[in-house]
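The values are calculated or read from the model by the stated rules, or taken from the named source; none is laboratory data. None of these values were measured; they are calculated from a predicted model. Cβ sites come from the backbone with ideal geometry, for glycine too, and all protein chains shown count toward neighbours.
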Amino acid sequence: MKVTPLCASALIQRRALELETLEELSTAEKLSALRSIVESMLIYIGPDIEYVEVASVSYRIARKVAPVEKLYESLIPKALSVSEQRAGSIRDSLEDKPVDEAIPLLMRAAALATGYRLLDEPYRVLEEPPGYMDLVNARVGRDDSKVILDALRDIGSRGGMVYYVFGGSAELPYDMALIERMRDELGVEVVGVVRSGRFEDSATLGDLEKVGLASRLDDIITVSGGDALFYGDEGQHVLRLLESADLVFMKGELAAAFVHNSKLEARVALLFTAACPSIASAYGVGRGTVNILLLEAGGGLG
């Protein structure tokens with residue numbers, strides 16, 4: 001998705017929130033850092049520039065001028081601990097449900113979890129990782145989970161492969177609950193795609209290992225941290241790998257922004273909560289809704 005004025009302002013707001021949270025910096029140091037970030041971003045704000053490129057640039061500069069990566073490393077463990085508890089309650093509540101009911105709800109939980117952010121951002125839908133009642137009361141936008149479930153059955157029956165591109169670190173316990181049911185009950189092989197280093201609150205290989213998810217995957221592909229989704233030459237190489245998959249799971253609004261214009265030649269199961277008005281408008285869904293979309297190869301809605 002191309003950057004919009006609203007997208008640019010949201011990125012600046014996020015960088016400002018990161019700086020405000022860093023207690024070790026003085027106000028003068030925070031303002032100096034923010035000025036450097038904004039000046040660098042201005043070069044990349046134009047009608048033909050992709051949002052993920054501007055996001056990458058803004059975070060790359062933020063890491064140079066302030067200890068924002070250290071900030072996220074300090075915030076993630078607590079959020080991940082809460083996520084493990086609440087995702088566990090959802091998993092336990094669905095344990096005895098048949099696969100036709102459980103997997104669509106686990107997709108919804110994984111999509112809903114993308115609405116939580118560690119910082120108090122303007123477009124944050126959830127103030128805490130979601131529990132079972134949040135799942136029950138979620139506002140649903142588009143829901144292609146049944147169609148995706150049929151696709152997963154077919155993939156499992158012929159020994160096919162699914163790629164799962166991880167989003168935020170606090171989402172991992174919800175991802176794990178979904179992946180376990182897909183592998184154990186549908187026989188689907190799952191290859192995880194995760195960053196080796198931190199981009200904002202994104203999941204890393206280390207996070208997968210901490211929650212025990214790494215051992216539940218058939219293989220893992222890592223991409224460099226520090227940039228937004230599939231940015232740069234390495235990202236393009238990974239995209240070519242994804243196009244060999246029978247289905248690719250992608251999560252969150254960053255993924256939604258990327259997929260919107262990428263024309264990825266693979267079927268994509270896109271799971272996200274539409275917190276941002278620009279994302280909601282681009283996909284024709286209500287703001288604050290939980291969405292599970294099947295995109296056909298080339299980017300069209302299934």
E189 assigned by TED's automatic domain parsing to the domain that holds D150, in contact with a helix residue (DSSP H, G or I) (Cβ under 7 Å, 6 or more places away or on another chain) and of a type in the set (D, E): no
Residue that is surrounded by the fewest Cβ atoms within 10 Å (Cβ to Cβ), among those in the range 10-62 that are of a type in the set (D, E, K, R) and under 16 Å from Y72 (Cβ atoms): E23
Condition met for S32 (out of contact with any strand residue (DSSP E or B) (no Cβ under 6 Å at 6 or more places or on another chain), modelled with pLDDT of 95 or more and either of a type in the set (S, T, Y) or closer than 28 Å to S281 by Cα (or both)): yes
Single residue of the range 129-148 satisfying the filter (buried (at least 19 other Cβ atoms within 10 Å of the Cβ) and of a type in the set (A, V, I, L, M, F, W, C)) that is farthest from S81 (Cα to Cα): I148
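Picking from V52, V38, V57, which residue would you name as being among the β-branched types (V, I, T), in contact with a helix residue (DSSP H, G or I) (Cβ under 9 Å, 6 or more places away or on another chain) and either assigned by TED's automatic domain parsing to the domain that holds G187 or within 19 Å of G167 (Cβ to Cβ) (or both)?
Result of the check over V52, V38, V57: V52.
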Identity of the residue in the range 65-91, basic (K, R) and in contact with a helix residue (DSSP H, G or I) (Cβ under 8 Å, 6 or more places away or on another chain), that ends up farthest from L112 (Cα to Cα): R91
Residue within the range 101-119 that is surrounded by fewer than 19 Cβ atoms within 10 Å (Cβ to Cβ) and over 21 Å from G252 (Cβ atoms) present: yes
The range 232-281 - residue that is touching a Leu at 6+ places or on another chain (Cβ under 7 Å) and of a type in the set (S, T, Y) and, of those, nearest to L105 (Cα to Cα): T273
The range 248-272, residues that are under 18 Å from V140 (Cα atoms) and acidic (D, E): E253
Residue check, A62 modelled with pLDDT of 90 or more and aliphatic (A, V, I, L, M): yes
Residues that are modelled with pLDDT of 80 or more, under 20 Å from V259 (Cβ atoms) and of a type in the set (G, A, S), drawn from the range 197-240: S202, A203
Filter result for the condition that a residue is within 24 Å of the chain's Cα centre (by Cα), closer than 21 Å to T204 by Cα, modelled with pLDDT of 95 or more and not aromatic (F, W, Y), over V52, V57, V82: V82
Helices (runs of 4 or more DSSP H) enclosed by the range 117-210 - at least 1 residues per element that are among the small types (G, A, S): 145-157, 172-186
